[in-house]
Amino acid sequence: MSVGTHVSANHDPSFWAAVDSHVLRYGGSFEHAIIERAKGSYVYDADGKPILDFTSGQMSALLGHSHPRIVETVRRQIGELDHLFSGMLSRPVVELARRLGSLAPGLEKVMLLSTGAESNEAAIRLAKLVTGRHEVVAFSKSWHGMTGAAVSATYSTNRHGYGPATVGSFAIPAPNPYRPRFFLPDGSLDWQTELDDAFTLVDAQSSGSLAAFIAEPILSAGGIIDLPEGYLAALQRKCRERGMLLILDEAQTGIGRTGTMFAFQRDGVTPDILTLSKTLGAGLPLAAMITSAELEAKAHDRGFVFYTTHVSDPLPAAVGLSVLDVVEEDGLVDRARIAGAKLKQGLLALQQRFDCIGDVRGRGMMVGLEIVTDRQSKTPDHAISTLIAEAAAARGLSMNIVKLPAMGAVFRIAPPLTISDAEIEEGLSIIASSIEAATG
């Protein structure tokens with residue numbers, strides 16, 4: 001080896017040989033870096049290179065990485081009480097249930113679980129039991145999980161080759177203001193007509209057993225599609241007319257990310273069932289299914305069972321309490337709104353500079369940046385977006401590009417709520433130089 005030649009520790013042959021031999025591939029490709037540690041808004045690779053995390057890990061690390069309060073809680077709780085028989089209750093579990101059940105009037109009863117898919121399974125199962133029906137409707141660009149009923153209500157990933165979905169699974173188009181299917185006279189999206197048309201088709205296909213509609217207030221894997229104001233209320237009316245329950249999946253939007261504690265609060269709509277995950281545990285596996293006392297009583301009377309190994313585990317519950325404490329004490333809901341406005345303004349300024357940016361959309365600290373071949377056709381440009389992502393990674397910025405052809409070339413930008421203004425500016429600067437490199 002010549003003098004001065006540097007061999008990156010990320011190229012460790014034994015590590016990648018073990019990956020090739022033993023790590024099952026589960027979607028997409030792995031980034032060619034070995035991540036050794038993370039702190040705050042950064043993760044660090046084997047060379048010690050800082051990588052600014054603009055997606056909060058898997059859209060989950062709401063408080064950044066290794067937040068001192070979370071570290072302290074985990075260290076304390078693991079030495080006192082971590083896991084119990086599922087029929088036993090502990091103080092962290094009951095206190096977190098109390099706190100969550102006090103955040104939105106009409107949603108008082110809480111079940112603590114591990115993952116978003118699990119909470120959606122519980123929600124759909126409860127909805128079927130209390131309605132006595134089995135049909136579930138979701139958006140055509142939805143993502144609700146990779147298990148049973150949840151994956152049957154997920155339409156933004158490949159469904160081919162896995163056999164039949166759960167009987168009674170229906171989808172309607174997600175309202176997309178950037179690519180409207182129905183138009184008002186001014187050319188903007190006529191979402192009410194689109195919704196009416198969609199439910200005409202649902203009614204035509206239903207066997208009369210509609211149980212629930214499950215929706216994300218902002219469809220994330222679908223390309224950061226923010227449901228227009230008024231849409232959720234209209235959707236709830238459609239559900240009420242048919243005796244359906246409305247389930248809102250706030251895995252990514254919950255706990256302040258959009259500038260309100262829950263995204264549905266902007267619209268003045270309370271769902272029948274709310275599911276939380278990702279942000280609730282700030283990166284650790286914690287989820288919740290929350291519903292009204294009335295529906296919980298009806299489900300209990302009918303013998304509701306959702307008995308899992310890690311239901312009501314005390315360790316993640318203690319973490320959830322610390323997350324709520326930090327969000328409240330540090331004013332992070334307001335911070336999401338203020339910092340999110342700064343982030344969005346910066347991206348809109350980049351849109352003025354670069355023709356490949358077709359749209360900037362989202363709410364609070366959850367913003368989508370769509371890359372197109374040209375603004376007239378709005379054709380997603382997957383080739384350029386891949387080059388932008390690669391250039392950003394080389395410059396020390398991690399951004400999540402939706403790599404599903406049907407979903408468009410959309411970067412999902414969702415930094416931790418603890419990110420500083422300087423770090424936001426750093427990320428915007430790297431995005432600009434990455435676009436220049438990819439399009440130059």
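The values are calculated or read from the model by the stated rules, or taken from the named source; none is laboratory data. Only a predicted model underlies this, so the values are computations on that prediction, with no experimental measurement involved. Please note: Cβ atoms are built from the backbone with ideal geometry, for glycine as well, and neighbour counts cover all protein chains shown. Heads up: the accessible areas ignore ligands, DNA and RNA and are worked out on the full protein's heavy atoms, side chains in. Shrake-Rupley method; radii C 1.70, N 1.55, O 1.52, S 1.80 Å.
Things to note:
- Recomputing volume of the Cα convex hull per residue in Å³ from the coordinates shown identifies the correct label among [x] 143; [y] 154; [z] 167 as [z].
- GLU329 exposes around 120 Å² of accessible area when a 1.4 Å probe is run over every protein chain in place.
- Based on C-alpha pairs under 8 angstrom that are at least 6 apart in sequence, region 285-440 has a relative contact order of 18 percent.
- Using θ = phi - 60° and Karplus 6.51 cos²θ - 1.76 cosθ + 1.60, couplings along region 307-322 (whole Hz; Gly, Pro as x): 9, 10, 4, 10, 5, 6, 6, x, 4, x, 4, 4, 4, x, 5, 5
- Largest accessible area first, the listed residues ARG363, ARG159 line up as ARG159, ARG363 when surface is computed with a 1.4 Å probe on the assembled protein chains.
- Here the relative contact order of region 1-115, from alpha carbon pairs under 8 Å that lie six or more residues apart, stands at 14 percent.
- Cut-off 15 Å, label 7 Å out along Cα→Cβ of ASP355, residues of region 366-384 by amide N: 372-379, 381
- The aspartates and glutamates whose alpha-carbon is closer than 16 Å to the alpha-carbon of LYS344, local same-chain residues fewer than 8 away aside, are ASP226, ASP334, ASP359, GLU370, ASP421, GLU423, GLU425, GLU426.
- Farthest positive-ward along region 302-416 dipole, Cα basis, beta-carbon charges - from LEU315, PHE304, GLY346: GLY346
- Heavy atoms of VAL360 accessible to a 1.4 Å probe, total area in Å² rounded to 10: 10
- Using C-alpha pairs below 8 Å separated by at least 6 residues, the relative contact order for the chain is 21 percent.
- If R0 is taken as 22 Å, the Cβ-Cβ distance between ALA104 and GLU329 corresponds to a FRET efficiency of 0.65.
- R0 of 45 Å, Cβ-Cβ distance ASP374-LEU24: FRET efficiency to nearest 0.05: 0.70
- Label-point gap, in nm, between HIS32 and ALA437 - each point 7 angstrom along Cα→Cβ: 1.4
- Residue-wise HN-Hα coupling along region 368-377, computed from phi with Karplus coefficients 6.51, -1.76, 1.60 (Hz; x: Gly, Pro): x, 10, 9, 9, 10, 5, 7, 6, 6, 7
- One Cα centroid belongs to region 144-194, the other to region 23-39; the line between them spans 29 Å.
- All lysines inside 30 Å of LYS128 as judged from Cα atoms, apart from same-chain residues fewer than 8 positions distant: LYS109, LYS141, LYS238, LYS278, LYS298
- Listed residues TYR231, TYR42, TYR162 arranged by accessible area, highest first, probe 1.4 Å: TYR162, TYR42, TYR231
- Distance between the C-alpha centres of region 299-364 and region 88-120: 17 Å, rounded to the whole angstrom.
- For HIS382, the solvent-accessible surface computed with a 1.4 Å probe is close to 70 Å², ligands and nucleic acids excluded.
- Tensor-based shape of region 1-94 (alpha-carbon gyration tensor, a/c under 1.5 rounded, otherwise prolate or oblate): prolate
- Under 16 Å of direct C-alpha separation, and excluding same-chain neighbours fewer than eight residues apart, LYS49 reaches these lysines: LYS39.
- Of PHE411, PHE85, the residue with the largest accessible area leads and the full order is PHE85, PHE411 (1.4 Å probe).
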